[in-house]
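Throughout, read-outs are computed from the coordinates displayed, never taken from laboratory work. Since this is a predicted model, take the numbers as computed values, not measurements. Because the Cβ atoms are built from the backbone with ideal geometry, glycine has one as well, and the counts that use them run over all protein chains shown.
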Amino acid sequence: MKEKRTSVFENGLIWFGAAVSIAEIMTGTYFAPLGFEKGLMAILLGHFIGCAMLFLAGLIGGKTRKSSMETVKASFGYNGALFFAIANIIQLVGWTAIMIYDGSLAANGILDIGNSNWCAIIGLLIVLWVIIGIKNLGKINTVTMSALFILTIILSFIVFGKEPIGNVNGGTITFGAAVELSVAMPLSWLPLISDYTREAERPIKATAISAITYGAVSCWMYIIGMGAAIFTAESDIAQIMVKSGLGIAGLAIIIFSTVTTTFLDVYSAGVSGETITKKVNGKWLAVFVAIIGTVGAIIFPITDMTDFLYFIGSVFAPMIAIQIADFYILKKSKEEKRFSVKNIVIWLVGFVVYRFLMKVDIVLGSTLLDVMITVTICVMVGFVEKIMEERKNEINR
């Protein structure tokens, strides 16, 4: 039986759903102190950097037909990939809890039935999405995304149909920090994208449309959040919807955007679990992660996720930098058998460099420079290894 592949359109829908998110709108409110023009520039620049890496990461999975964590084995070996697979599952559980909590908080602002009850409702819907399965969500996703698209346009007109009042965010943020916060969101999807592009009928086009769709819609969400803070002096999107009379329509935006985004997190947690051991059923692990995330959202509410985003960046930016160097520059075809000490050491250097660069205000943010440094080190070490191997072969002759 021929394996069912996802179309370019279906991949676009998946990443549209990933980007339409209350968490992204909330993150956008942090840009308000820069003013609209500088904030917009930071959002666009950061997403360009982040989505370029998202494309390169997704194309590796699309071309090799391997999941995100399976592609990591080529650079870090089986045991090395286990570390990143476990780290990925942990961050996905965290993301699940954050997304469900943010969604429940916003939903409760429109219809007050209690945060815990909304967490349970959203969690159950995510479980339903998992049980239906990614390959059977085509028509449901089309209807859901069409509705979200229309409702989000209405929300945009509501936010930007007002005169600037000021910003509700009393804090400050530098341009470099804003760029980094913009890079951080697409960067958080790096360990996931190949889980979807590996199934694509046309890997290059599907990966491109995934990165472009996610980047464009994510920018849109950030801009709505920033606009809400500048034009309405209100960072609570639920209250904006209530005051504007969206009501049930606003509630639909909140619930379904949370479900479609968080579904990708729990699904990929299941795929990563299968990388660790074939004894794990990915679908049921995804269900388990959804349940754990729901419980976590009820017990451990998280209101500020900036530190979480930066930590994800520090772990996965140098990881993908090494993969990019191996796959695209060094043309590495031989998969590491068990453990690549060389690449783990390079990753550690990249991790430390990222944490250091976070303390320095760089106009283009710390991620781009960290990736460039890590790629350079990896390529230099690779070329040295190649020269040494050639000399060794000549001596043996």
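So for the pair K392, Y78, with labels modelled 7 Å out along Cα→Cβ, what separation do we get in nm?
Computed distance between label sites K392 and Y78 equals 2.2 nm.
Residue by residue through the stretch 183-194, which ³J(HN,Hα) values in whole Hz follow from phi under the Karplus form 6.51 cos²θ - 1.76 cosθ + 1.60 (θ = phi - 60°), with glycine and proline marked x?
After applying 6.51 cos²θ - 1.76 cosθ + 1.60, I find 5, 4, 5, x, 5, 5, 8, 4, x, 10, 4, 5 Hz.
Which angle between 0 and 90 degrees, to the nearest 10, do you get for helix 115-132 versus the longest principal axis of the chain when only C-alpha atoms count?
Taking the Cα atoms of the chain, the angle to 115-132 is about 50 degrees.
Long-range amide H contacts for T6: which residues qualify at under 5 Å (H placed 1.01 Å from N, peptide plane, sequence gap of 5 or more or a different chain)?
Here the answer is A200, E201, since their amide H atoms fall under 5 Å of that of T6.
Could you calculate the contour length gain from F157 to A52, that is, 0.36 nm times the residue separation minus the distance between their Cα atoms, to one decimal place in nm?
Difference between extended and current length: 34.9 nm.
Need one number: the % of Cα-Cα pairs in the chain sitting beyond the 25 Å mark. Write down the numbers at each step before the final one.
Numbers: 43444 of 78606 pairs.
Of all Cα-Cα distances in the chain, 55 percent exceed 25 Å.
Pairing the Cα long axis of helix 306-324 with the longest principal axis of the chain, what angle in degrees results, from 0 to 90 and rounded to the nearest 10?
Relative to the chain, helix 306-324 is tipped by roughly 30 degrees.
Please state, to two decimals, what the Cα-based radius of gyration of the stretch 1-140 comes to when divided by 2.2 N^0.38 Å (N = residues).
Details: Rg = 18.4 Å, N = 140, 2.2 N^0.38 = 14.4 Å.
Dividing the Cα Rg of the stretch 1-140 by 2.2 N^0.38 Å gives 1.28.
How tilted is helix 341-357 with respect to the longest principal axis of the chain? Cα atoms for both, answer in degrees (0 to 90, nearest 10).
Helix 341-357 and the main axis of the chain meet at about 40 degrees.
Given labels modelled 7 Å from the Cα in the Cβ direction, how far is it in nm from V345 to T172?
In this crude spin-label approximation the distance works out to 4.3 nm.
Hey, what do the phi angles of the stretch 252-266 turn into as Karplus ³J(HN,Hα) couplings, whole Hz, using 6.51/-1.76/1.60 and θ = phi - 60°, x for Gly and Pro?
5, 4, 4, 5, 6, 5, 5, 5, 5, 6, 6, 4, 4, 5, 6
Expressed in nm to one decimal, what extension gain is obtained for the pair R355 and V295 from 0.36 nm per residue of sequence separation less their Cα-Cα distance? Present the calculation step by step, with values, prior to reporting the outcome.
Working: separation 60, 0.36 × 60 = 21.60 nm, distance 3.08 nm.
Net length gain for the segment: 18.5 nm.
How large is ³J(HN,Hα), in whole Hz, for each residue of the stretch 210-221 in order, when computed from phi with the Karplus curve 6.51 cos²θ - 1.76 cosθ + 1.60 and θ = phi - 60°, using x for Gly and Pro?
Using θ = phi - 60°, the values come out as 5, 5, 5, 4, 4, x, 5, 6, 4, 4, 4, 5 Hz.
Could you check the spin-label model distance between E385 and E37? Points 7 Å from the Cα along Cα→Cβ, value in nm.
Using points 7 Å along Cα→Cβ, the separation is 4.9 nm.
GNM, the chain, Cα, under 10 Å: largest mean-square fluctuation among S340, S366, S182?
S340
Please compute the length gained on full extension between I131 and N117, using 0.36 nm multiplied by the number of residues separating them and subtracting their Cα-Cα distance.
2.9 nm
Work through the residues other than L330 whose Cβ is under 10 Å from its Cβ and net out their charges, Lys, Arg +1 and Asp, Glu -1.
That works out to +1.
Counting helices only, and only those DSSP H runs with n ≥ 4, report the 222 nm mean residue ellipticity of the chain as the sum of -39,500 (n - 2.57) divided by its residues, in deg cm²/dmol to the nearest 500.
Numbers: 15 runs with 299 residues, N = 397.
The per-residue figure over the chain is -26000 deg cm²/dmol.
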